[in-house]
Structures are given as structure tokens and as C-alpha cells.
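What follows is a short report on a single structure.
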Amino acid sequence: MALDEPAFDLAYRAHAARLRAVAYDILRDRDAAEDAVHGALVRVWSTGAYHPERGALLAFLIACVRREALDALRSIKRRRLREARAGADAPVAVDDIAAIDPIEARRVRRALDALPEPQRDVIVRAYFGHRTLAEVAADTSLPLGTVKSRLSAALRSLHTSLSEGTP
Amino acid sequence: MNHLDDDAELYALGLTGRERDAEIEAHLAGCEPCRRRVVAAESAAASLAAALPPMPAATARRTWWPALATAASLVFATTAAYEGIAANAASSQLARTDGALVAIAGSHFGHTTLTSDSGTIAKAIYARDGSWCYVLVSGAPRGAHVVLHAGATTRDAGALEGATPATLFLRTPGRSDEIDIVAGDHVVAHGKPLY
């Protein structure tokens, strides 16, 4: 599928809000978030990096936007500012009401709650707290390898429970 | 290269870093099992993204009007008209980039990398029907202009705005044969859109 086919336009139009939310959650700055979404989309267009076998376009774009935003977060010194605001032990940012997709948010919350506590802890720190692997290791006093394997296991469990289609 | 193992999920979460990302992407191009694993991981990560709150709208200047707007919304809340008004209010807040993204999202477009001087990276995204053109330039001299050529006509479309990248979104009367980025009287980048 070429990237300039209508499917891409539709996916973007339908999901721009979600892409922005992903970037904004990380950067806490509207302009920086727009730039990250922009940067990711231009990167995808210019490299032709998306093919249907790479899965659903939205999930692919979200991953790209997240990487772009995390990059920006780490390269810009905005990081320190944000940490001062959020703190390392921010509460779980799964708010059903405020979520961009409340129904999906409820499923996600249930799936997170069902994870073994050690897995839930690392995924919340890394995903919702935007901590790097090294930071999660330092925060939890776990070896880096353990952090990696727990995160990996957590995401695989989430995929299993979320794709079971529980209402 | 060995299979990705745990890095499949870490990549989907954006935790692997650009250098490793490049290796992972190269591996994914030729490895079906790892690709499946990354696709599954990205799908789970996308679900997590659904739990995030939306980006707040641009903050309006604090004046007396929000109170009036609230009152107006109470009046109109019972009518279907409210939705139209809310949409108008939202669209009036669209930033420059949003305007460009909305146009891009709503049409068939192509894109081209402009040939440029070292240090300048320029790209144009354009509607297939020639109705708009969006130029993004990194590393161009400040105040560089976009110049469009169509047949015998040459048009200075205006100065690029902002930085890293500087951008210019243009509504265009038709297809352009060539797009130049001009600084002073020097063409720092040029390219031809393929419609």
C-alpha cells in the first residue's frame, strides 16, 4: 500500500487526536507535541517505512510518534522541567473519564490490573512515567536485564488479554 | 543478526534508542516471526495510548468571553446547533501546523525531497490536484522564500516560517512544475513534484 492512498488519509484524520495525545503526554507542550507528530509523519512518508505486514497503520504510527516524542524529550532539556512537575512516582495515568477513548481505557485499566504486580510496576513506570530502561532499573533497584524481561512479559500479557476481546 | 527477543516489545515501547532502532528495523524487513511479534507489541502499546487524555486545546487568553461562551453554550446545549458551534470554536483554535495537517489528511498527496545544498534538508508535500503545497526546510538561511514555477509563470510564495523545520503551507492555484527555496538570490534547494 502506498502511503498516499486514501487509507492513510483516513487513518490520519480519524486518529490525529490520539497521535497528538501520545506526543503531548510525553512532552507536555503543545508545540513540541505537534512537532513530534509532524516529525514522525514526515519520517514515515519520506522513508516509505510502512507496509501492511507491519500491522495496523494506527499502531505503527503511534509507535513512531512515541519514539519521536521520547527522542525529543531526551534530547531537549525539557526533561528536567517535566520531572520536577511529575515526580518519579506519578500515579497511574489511566483515567477512564479523561481518556481519549474511554471504552478502550477501561479495558486497558482492567488488563493492567490483571498483570502480576512486578510487571505492572515496570510498565507503568516506563509507559506512563516515560522513564528510560536505566531509570526504571535505578528507581526499582532491579538489574537492567530483569527490567527488560519484565517489560517484555508485561506487554505480551497485555496483548493477550486485550486481544481476547473482553467487553 | 539474532532474533529480537525482548527487544521486540522494548522497541514497540520506544525504549530501544535510535541506534538500536535502525538495527531492529533492518532485521524486521527480513524476519517474519520478529515482525509478527513487534506488530503484536505495537498493538498492545496502541491500546495503552487510548488511555491517555487528549492534548488540551490551546489556552485562550483570559478575558471576559469564556463566561459568555459558557452562557451561550448553555443556551445552545439543548439544540443540535451546539455541535456546529463547538466545532467552529475548535477549528478557530487550529494552529498553523494543524491547518496544514488537516489539508494533508483530507487529500491525495505526494511528496518529494528537494535537491539542496549541503546543510539544507528540504521536503515538499503537495496535493495531487495542485490545490496546496507544504514545504518543510531544515538548515535553510533565515528568511528563505519559496518560489513556485508553473509554465512560464514564476511566483514568490512567501517566506518560510519558524525553524527546525521552517515550514510554509500554501494554497496554490494549480500544479507547480518546480519548487525552489531561495535565500537572497541563491537557490538553496529545488525539486519537481510528480503528480
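The values are calculated or read from the model by the stated rules, or taken from the named source; none is laboratory data. Quick caveat: nothing in here was measured; it's all calculated off a predicted structure. Cβ placement follows ideal geometry from the backbone for every residue including glycine, while neighbour counts extend to all protein chains displayed.
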Is it fair to say residue B:9 is over 16 Å from residue A:57 (Cβ atoms) and exposed (fewer than 15 other Cβ atoms within 10 Å of the Cβ)? no
Among strands (runs of 3 or more DSSP E) entirely within the stretch B:119-195, at least 2 residues that are under 18 Å from the mean Cα position of the chain (by Cα) and under 20 Å from residue A:43 (Cα atoms) occur in B:121-127, B:132-138, B:166-171
Filtered residues of the stretch A:31-55 (kept if surrounded by 19 or more Cβ atoms within 10 Å (Cβ to Cβ), facing chain B (nearest Cβ under 7 Å) and part of a helix (DSSP H, G or I)): A:33, A:34, A:38, A:45
Selection within the stretch A:143-160 - more than 9 Å from chain B (Cβ to nearest Cβ), crowded, with 17+ Cβ neighbours inside 10 Å and not charged (D, E, K, R): A:147
Do the conditions hold for residue A:58, that is, is it more than 20 Å from residue B:165 (Cα to Cα), at pLDDT below 90 and facing another protein chain (nearest Cβ under 7 Å)? yes
Among the residues of the stretch A:120-147, write down those that are over 20 Å from residue B:47 (Cα atoms) and part of a helix (DSSP H, G or I). A:133, A:134, A:135, A:136, A:137, A:138, A:139, A:140, A:144, A:145, A:146, A:147
Say whether the condition of being modelled with pLDDT of 80 or more and over 20 Å from residue A:64 (Cα atoms) is met by at least one residue in the stretch B:33-42. yes
State all residues of the stretch A:98-113 that are surrounded by fewer than 19 Cβ atoms within 10 Å (Cβ to Cβ), more than 7 Å from chain B (Cβ to nearest Cβ) and of a type outside the set (Lys, Arg); if no residue qualifies, say none. A:102, A:103, A:113
Residues that are surrounded by fewer than 13 Cβ atoms within 10 Å (Cβ to Cβ) and at pLDDT 80 or above: does the stretch A:70-86 have at least one? no
Tell me whether the stretch A:104-119 contains one or more residues that are more than 30 Å from residue A:75 (Cα to Cα), out of contact with any His (no Cβ under 9 Å at 6 or more places or on another chain) and outside any helix (DSSP H, G or I). yes
Quick check on this structure: which one of B:28, B:4 is of a type outside the set (S, T, N, Q), at pLDDT 90 or above, out of contact with any Ser or Thr (no Cβ under 9 Å at 6 or more places or on another chain) and assigned to a loop (DSSP other than H, G, I, E, B)? B:4
